[in-house]
Each structure stands twice: as C-alpha cells, then as structure tokens.
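Working notes for the structure below.
The values are calculated or read from the model by the stated rules, or taken from the named source; none is laboratory data. Because the structure is predicted, anything quoted here is derived from the model rather than measured. FYI the Cβ positions are ideal-geometry reconstructions off the backbone, even for glycines, and counts take in every protein chain you see. With ligands, DNA and RNA removed, areas are computed over all heavy atoms of the protein, side chains included. Shrake-Rupley method; radii C 1.70, N 1.55, O 1.52, S 1.80 Å.
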Amino acid sequence: MGTSVQLTPLCGVYSENPLCYLLSIDGFNFLMDCGWNDLCDTNLLQPLSKVSSTVDAVLLSHPDMLHIGALPYAIKHLGLSAPVYATEPVYRLGLLTMYDYYLSRRQVSDFDLYTLDDIDSAFQNVTRLTYSQNYHLSDKGEGIVIAPHVAGHLLGGTVWKITKDGEDVVYAVDFNHRKERHLNGTVLESFVRPAVLITDAYNALNNQLYKRQRDQEFLEAILKVLRANGNVLLPVDTAGRALELLLILEQYWSQQHLTFPIFFLTNVATSTIDYVKSFLEWMSDSIAKSFEHTRDNAFLLKHINLIINKSELENIADVPKVVLASMPSLEVGFSHDIFVDWATEARHAILFTERGQFGTLARMLQVDPPPKAVKVTMSKRIPLAGDELKAYEEEQERIKKEAALKASLSKELRASQGSDANAGDAMVIDASSSHISADVAASRIGGFRDIFMDGFAPPATSVAPMFPFFENSAEWDDYGEVINPDDYIIKEEDMNGASAQGFGGDLDGKLDEGSAHLLLDTTPSKVVSNELTVQVKCSLIYMDFEGRSEGRSIKSILAHVAPLKLVLVHGSAEATEHLKEHCSKHVCPHVYAPQIEETIDVTSDLCAYKVQLSERLMSNVLFKKLGDYEISWIDAEVGKTNDMLTLFPVSSTPPTHKSVLVGDLKLADFKQFLASKGIQVEFAGGALRCGEYVTLRKISDFTQKGRHCSPTCDHRGPFNRRVLSDKGTSLFSVLLVLAWKHLKTFILTL
C-alpha cells in the first residue's frame with residue numbers, strides 16, 4: 001500500500017499566525033516548525049500541548065520568531081523532547097534571534113515563560129544539516145529520509161523533502177524564487193510530481209514591483225527624509241531580512257559616497273554579523289564568487305555601525321541618520337522606544353519592510369489611513385532602593401536558609417540510608433528471644449539506628465554494646481566507584497561569580513558584551529511601566545521586502561511542480577480560498593486547506609511494496625549502464641520467502657512490452673552521432689532535420705500530468721502508411737536504436 005501521510009495544523013491556517021504543523025508519515029510524527037508571535041500568546045500553543053509528547057522529530061525551516069519562537073517554551077513546559085533538525089544558519093541565527101527577543105522582553109518585564117538556559121537547552125541538541133544532504137532516520141523512522149533544500153527567504157531557509165518508499169512529501173513555506181543580493185532563489189521548481197506538497201498562501205493575493213524599481217523607490221524614500229534633516233527608522237528582525245537591507249544600504253552608500261550614518265541596533269548585532277561573515281557558502285553565487293576571486297567579504301560593512309545599546313545612539317550628535325532596530329512588531333525592543341521618541345516629529349519617518357503581525361503596534365500603524373494617535377506602554381527596569389531593597393534581601397536570605405536546610409536534611413538522609421544498607425553485623429542477636437522488643441527486632445532487620453546519648457545512660461531500645469560505628473563503604477561497579485553527581489554540582493552563586501570574573505566561558509561567545517552584562521547583572525531591580533498617548537506625526541511608509549514569492553509566481557511554480565496532492569496553510573482566509581480555487585482548476589484536483597486540529601489524510605493513491613529479488617532472477621538479468629546507474633527490464637512473478645515478498649523468474653515465456661524511454665535525449669549529441677553515420681542532419685527552428693523528410697523536436701506533452709518534455713517526430717514527403725501512423729514513431733524508433741548503441745540514453749523494445 002502507499003505511504004500513509006496525515007497532516008494536522010496546530011497553528012497558522014486561515015490566518016497569518018505563527019507556523020506549526022504535525023505531519024505523520026507511516027506513524028512517525030514530524031513537527032514542522034514551532035513558531036510563536038511577539039505577543040507570546042499561550043492560547044496559540046494549546047493544540048501543540050495536546051500532541052507535543054507524541055512528536056518524534058522537529059524540522060525547522062527559518063530562523064525567525066514565526067518559525068522557531070515557541071521551541072524553548074514547548075520543550076520546558078509542554079513536554080516536547082524530540083530531536084531537532086535544521087541547517088547551520090537556522091541553528092546559529094535562530095539562537096541569536098531567541099536571545100535578542102529574550103533580552104528585549106527582560107528589559108521591560110519580568111519575563112518568565114522561559115530563560116536563557118531554556119533557550120540553550122532547546123538548541124544544544126539540534127542536528128545541523130547542509131543543503132541537499134540526505135539524512136536517514138533510524139529506529140521508529142527507519143526508511144525515512146529527510147533533506148533540506150534552498151528556500152530563498154532567509155539565510156539557511158529550508159524547503160524540506162521527506163522521502164519514504166520512493167514517495168516525496170515536500171514542505172515549502174515562505175519560499176522566494178527571486179535571486180537577491182545575499183540569497184539564491186528557491187529550488188522548489190526542481191521538484192516534479194511529489195506525492196504531497198505543503199505550502200503557504202501568505203502572498204497569494206499580492207503582486208510585487210520589479211526588484212530594481214522597488215530598490216530604487218526604497219532608497220529614494222530614505223534619502224528624501226535624510227535630506228530634509230529627518231531620521232529614518234526601519235523596524236527589522238534580528239538576523240533575517242535585515243541582512244538584505246544592510247547590503248542594499250551598504251552598496252548604495254559606497255557607490256554614492258554618502259555620509260549619513262547608518263546604525264544596526266539589536267542586542268546581538270555584533271554577534272549576528274560575525275556569524276554571517278562565516279556563512280558565505282550559504283549565500284548567493286555572486287557573493288561566493290566575489291569572495292573566491294577578490295577575498296572580499298560582502299558583510300565587512302564599512303558604512304554600517306553595529307551597536308547594542310540605545311544609549312550609544314543617544315550619545316551621537318543630532319544628525320540625520322538611518323537606524324535598523326529590532327523588533328519588527330514594535331511591541332518590544334529598541335524599535336519600540338525609538339518609535340516613541342521620533343513619532344511626534346513630522347520630519348522623521350518609520351519605514352516598514354514587512355507586514356506586522358496581527359494585534360501588534362506595527363500592524364495598527366500600517367492600516368490605511370494610519371491612526372493619528374496610539375497608546376503605548378513604556379517600561380524600564382530600575383534598581384531597588386530603600387525599603388524595597390531591604391525587603392528583597394530579607395526574602396532572599398529566608399529562601400537561602402530554607403534551601404540550605406533542605407539540602408542538609410537530604411544529605412543526612414542519603415548518608416543514613418547508605419550506611420544502613422552497607423553496615424556489617426556488629427553482634428548477632430536472636431530476634432526470637434522473648435526479652436527483645438518488637439521495635440528492636442524491627443530495627444535490627446533494617447540495620448542499626450543512630451543512638452543519641454543522654455549523659456552516660458544509653459537508650460533502653462539500644463541493641464549495640466558500644467557507640468555505633470558505621471563504615472562508609474562506597475559502591476563500586478565495573479568502571480570504579482559510584483559517585484553522586486549532586487555532590488559535584490556548582491552552586492548557582494558560585495557560577496554567577498565565576499561568570500562575572502571570566503565572561504564568555506559558558507556563553508560560548510554567543511552574546512555581545514553589553515547583552516551578557518545584562519544577563520549576568522544580579523542587582524535587584526523592578527520594572528516600572530506607564531501608558532502614553534503618542535501623537536503620530538511622522539511619515540509612515542510600507543515597502544515589501546519580505547522576500548517571499550508573490551501571487552503570480554506562486555501559481556506558476558505550483559503548476560510546474562504539479563504535485564499529486566496539495567495542502568495550503570498559513571495565509572489569510574481570503575488568500576487561502578483564492579489559491580485553493582485556482583489550484584483546483586489549474587494544478588491538481590486534490591487540494592486541501594484544513595482548519596486548526598483538523599487531521600486530513602493525504603496518503604498517496606499509488607501502492608508501493610517492498611520486495612526482494614531472488615538469486616535465480618538476478619542470475620538472468622542483463623544490465624546496461626545509464627550514466628552512473630545500471631538498469632534493466634525484468635519480467636517476474638511475485639511470491640513469498642519467509643513472509644517477504646520475492647520476485648521469481650516467470651514460469652512461461654514473458655509477453656513483449658512497449659517501448660520504454662529512459663533518460664533525456666540531447667539533440668546536439670544525437671546530431672553528432674547521426675552525422676557520423678552519414679545521415680544529413682542540421683538544426684532548423686529549434687528542431688533537428690534529418691535528411692529531407694524527417695524532423696525531430698522536443699515538445700511539452702500537455703496531455704500528460706507533469707507536462708514533461710517528450711521527443712516527437714514530424715515527417716514530410718511520401719512515406720508509407722506504417723511510417724505515417726503514430727506520428728512517425730517507427731522511424732523514430734529506428735533512429736533511437738542507433739542512438740542507444742552509442743549514447744546509452746534509452747531502453748527500447750521494438
């Protein structure tokens with residue numbers, strides 16, 4: 001039977017909410033992405049909490065909050081414990097994205113959904129793969145192969161191909177067919193006829209400007225504000241589309257010799273660019289070739305200033321400037337604070353390069369017409385002082401004493417239990433003697449008791465003639481003495497002290513110095529908040545730099561891929577229904593758009609069976625080499641050997657079979673071969689004219705699913721009826737026989 005495939009959306013269908021889907025292939029459960037929004041709405045994770053314990057593997061596609069934001073929370077609170085797979089950039093940049101978000105939240109709130117340790121724990125066991133690497137799963141996933149391919153949206157962004165028994169399931173969300181400055185376009189078009197394609201409808205209703213026109217308008221809008229003595233704020237993500245914007249500005253500033261300062265402001269700005277410099281092999285061909293020939297790294301930014309603190313920006317002279325700051329939602333982060341500072345002046349501008357998430361300040365400002373005033377909450381963390389500090393210290397002291405008491409009691413209990421278990425017999429006592437009480441006998445069976453002396457008189461229940469001595473004999477195994485790991489755990493306060501003295505040891509250089517100082521700062525503090533009404537007088541501009549294919553290109557790509565079954569996720573209800581209707585008419589008849597927690601069965605209609613070839617059959621098979629492979633036609637009968645389907649030689653003469661075309665005919669090679677046989681041959685109008693009457697050309701066969709190219713033979717002149725029938729394929733077959741003998745391109749039975 002065919003490979004069993006079921007999909008259950010957990011978040012991100014008929015809406016623009018974060019992406020998270022449960023994909024089951026023959027009982028093996030994949031969690032496709034684990035996203036969250038900037039509001040950290042736990043209600044969005046309710047469906048995930050019901051199935052997280054059943055997940056066998058997690059596949060991450062992009063290093064932004066919408067695709068990875070909930071991973072630390074799910075592992076800490078929801079019982080998600082499956083191995084995680086991602087490309088190296090998704091792992092590295094995703095980790096920095098989570099750090100940046102955590103720091104942004106911690107600066108303005110008592111954020112407790114997860115900690116820095118939870119982020120590290122979530123990412124420390126990620127298996128990193130390279131593009132096109134086939135990774136074979138084991139145990140429960142035996143027979144399943146996963147492979148990441150270029151998505152084109154973000155650095156390291158992935159189109160996942162999952163293969164089982166020859167059938168492909170492709171997960172391609174947020175792909176981009178356009179080649180950009182730092183990224184190649186997606187390779188999705190290279191997949192033809194997958195069994196199932198899961199893709200998004202996010203941009204199905206949108207059309208984009210040509211790249212050159214878009215970039216020109218983007219730069220002109222920025223320069224117009226700067227030359228009017230204003231500032232430009234670009235709310236961006238931590239390590240995603242911000243990279244493309246940085247390159248656009250860097251290259252234009254260098255070409256035009258502009259002096260307006262540009263700042264990239266995130267909590268991990270320096271670390272982000274340092275990592276990106278080492279990911280050139282994951283970038284566009286132009287960047288890789290430039291580095292190969294000139295050793296110039298595109299991300300050696302000469303006109304971009306990397307800063308990690310808003311105070312550094314405030315210390316700069318009041319000159320027109322461009323600031324790219326996180327987060328894009330304007331809910332938290334440096335972009336939120338800068339917006340409040342600049343929004344009240346008409347000379348400044350806020351330039352959005354992506355659609356804001358629903359319910360966020362950015363989305364509110366992108367409506368048409370924009371609001372004239374918005375309410376925002378300004379929060380900051382300040383040190384405790386006076387009575388608050390004294391109360392905090394007393395509470396911490398009480399907590400420490402309770403913890404120390406519990407630790408002491410626990411240690412004594414372990415020591416007592418260990419001694420009781422290993423104590424020798426100090427003296428033999430007949431437990432059946434009438435003068436020994438039941439309590440004493442019971443204590444004897446379990447071992448010696450601790451004896452507390454009151455003066456010189458031993459307790460009446462004592463059975464030892466002297467003060468008890470317990471030999472502390474350790475347990476041993478084949479590798480030596482068995483130790484208790486708890487005895488070697490470094491106390492938390494000692495770790496904080498060591499980290500403060502030698503920064504960077506346990507953080508592995510993942511954070512900038514200022515950000516790490518915030519994490520390691522143990523000064524008691526509190527968050528103070530107040531609501532403000534901000535009068536929005538600045539310019540609000542939106543330009544699409546999301547790096548996703550637009551509606552027209554999506555439809556064209558899907559028609560080319562032509563999946564057997566298509567599943568649509570992540571997009572507004574209007575966009576999803578529009579694309580579903582189009583694909584049902586022009587792509588494939590089986591198009592699905594499930595709701596949240598609705599499980600759909602997209603099992604292939606084809607049947608696949610595992611069979612083994614018997615030795616008797618293999619001894620009579622004649623193989624012929626085709627490129628790097630050897631192929632052959634076999635006729636066999638199906639039987640069973642030890643409950644395994646087996647192919648045996650046929651007991652009677654096998655019937656003749658139709659001609660089978662394998663491989664791709666290159667007309668240029670065919671022309672050379674026919675010319676060597678004395679046949680007059682030449683190219684004419686994209687076709688190969690053989691002699692006076694026969695013309696060969698390759699055309700698209702639109703009558704067959706997949707629209708593949710097949711060779712067709714045209715004739716001109718007085719051929720007989722046999723040759724005229726079936727579009728002249730008899731003559732064509734003769735030519736192909738000649739080609740097979742020398743080009744090894746076809747398998748034919750005439």
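Once you have the Cα-Cα distance between ASP139 and GLU475, take 0.36 nm times their residue separation minus that, and quote the gain in nm to one decimal.
Numbers: separation 336, 0.36 × 336 = 120.96 nm, distance 3.46 nm.
Fully extending the segment from ASP139 to GLU475 adds 117.5 nm.
Filter LYS161/LYS666; LYS50/LYS277; LYS140/LYS585; LYS50/LYS179; LYS277/LYS565; LYS677/LYS698 down to the pairs with a C-alpha to C-alpha distance above 31 Å, please.
Numbers: LYS161/LYS666 29 Å; LYS50/LYS277 41 Å; LYS140/LYS585 38 Å; LYS50/LYS179 40 Å; LYS277/LYS565 40 Å; LYS677/LYS698 22 Å.
Violating the 31 Å Cα-Cα cut-off are LYS50/LYS277; LYS140/LYS585; LYS50/LYS179; LYS277/LYS565.
Rounded to the nearest 10 Å², what accessible area does ILE307 have for a 1.4 Å probe in the complete protein model?
Probe radius 1.4 Å; accessible area of ILE307 about 10 Å².
Please list GLU250, GLU615 in order of solvent-accessible area, largest first, computed with a 1.4 Å probe with all protein chains present. Walk me through the numbers before you get to the answer.
Numbers: GLU250 20, GLU615 160 Å².
From most accessible down to least: GLU615, GLU250.
Rounded to the nearest 10 Å², what accessible area does LEU361 show when all protein chains are kept and the probe is 1.4 Å?
For LEU361, the solvent-accessible surface is approximately 10 Å².
For the residue pair LYS401 and ALA675, what label-to-label distance in nm results when each label sits 7 Å from Cα along the Cα-to-beta-carbon direction?
Reported label-point gap for LYS401 and ALA675 is 9.9 nm.
Once amide H atoms are placed 1.01 Å from N in the peptide plane, what residues at a sequence separation of 5 or more from VAL187, or on another chain, have their amide H within under 5 Å of its amide H?
So VAL187 has HN proximity to VAL150.
Ignoring ligands, DNA and RNA, how do GLU354, GLU167, GLU637 rank by accessible area with a 1.4 Å probe, largest first? It would help to have the intermediate numbers written out before the result.
Details: GLU354 50, GLU167 25, GLU637 75 Å².
Greatest to least solvent exposure: GLU637, GLU354, GLU167.
Could you state the number of Å between the C-alpha centres of segment 342-392 and segment 578-604?
The two parts, judged by their Cα centres, are 40 Å apart.
Given points 7 Å out from each Cα along the Cα-Cβ axis, report the ALA668 to ASP318 separation in nanometres with one decimal.
It works out to 6.6 nm between the two label points.
Excluding GLY333 itself, calculate the net charge of residues whose Cβ lies under 11 Å from the Cβ of GLY333, where each Lys or Arg counts +1 and each Asp or Glu counts -1.
Values: positive: ARG105, LYS310; negative: ASP38, ASP100, ASP237, GLU331, ASP337.
Local charge sum for GLY333: -3.
What is the calculated FRET efficiency for ALA373 to LEU613, with r their C-beta to C-beta distance and R₀ = 45 Å, to the nearest 0.05?
Using R0 = 45 Å, I get an efficiency of 0.05.
Enter the accessible area of ASP601 (Å², nearest 10), with the probe set to 1.4 Å and all protein chains included.
90
Suppose all protein chains stay in the model; what accessible area per residue would a 1.4 Å probe give for segment 160-209, in Å²?
Working: 1510 Å² over 50 residues.
Accessible area per residue: 30 Å².
For segment 374-382, what does the Karplus curve 6.51 cos²θ - 1.76 cosθ + 1.60, with θ = phi - 60°, yield as ³J(HN,Hα) per residue in whole Hz, taken in order and with x for Gly and Pro?
My calculation for segment 374-382 gives 9, 9, 10, 10, 9, 10, 8, 9, 10 Hz in order.
Work through the residues other than LEU247 whose Cβ is under 14 Å from its Cβ and net out their charges, Lys, Arg +1 and Asp, Glu -1. Please list the in-between numbers first.
On the way: positive: LYS179, ARG181, LYS211, ARG241, LYS277, LYS302; negative: GLU180, ASP215, GLU244, GLU250, ASP296.
Charge balance near LEU247 sits at +1.
Quick check: the distance between the Cα centres of segment 631-682 and segment 192-228, to the nearest angstrom?
Between the Cα centres of segment 631-682 and segment 192-228 lies a distance of 47 Å.
Carbon and sulfur atoms: what percent of the 1.4 Å accessible area of segment 1-153 do they account for? If you can, show how the numbers build up before the last one.
On the way: 2100 of 4700 Å².
The value for segment 1-153 is 45 percent carbon and sulfur by accessible area.
Rank these residues by their accessible area, most exposed first, probe 1.4 Å: LYS658, LYS289. Before the final figure, lay out the partial values.
On the way: LYS658 175, LYS289 120 Å².
Result, largest first: LYS658, LYS289.
Give me a comma-separated list of calculated 3J(HN,Hα) values for segment 532-541, in order, Karplus coefficients 6.51, -1.76, 1.60 applied at θ = phi - 60°, integers in Hz, x for any Gly or Pro.
Working through the residues one at a time gives 10, 10, 9, 7, 8, 10, 6, 6, 10, 10 Hz.
Using a cut-off of 18 Å between alpha-carbon atoms, which lysines can reach LYS380, once sequence neighbours fewer than 8 places away in the same chain are excluded?
Within reach: LYS310, LYS526.
Ranked highest first by the average count of other Cβ atoms within 10 Å around their residues, in what order do 134-143, 546-555 fall?
Sorting 134-143, 546-555 by mean packing, highest first, produces 546-555, 134-143.
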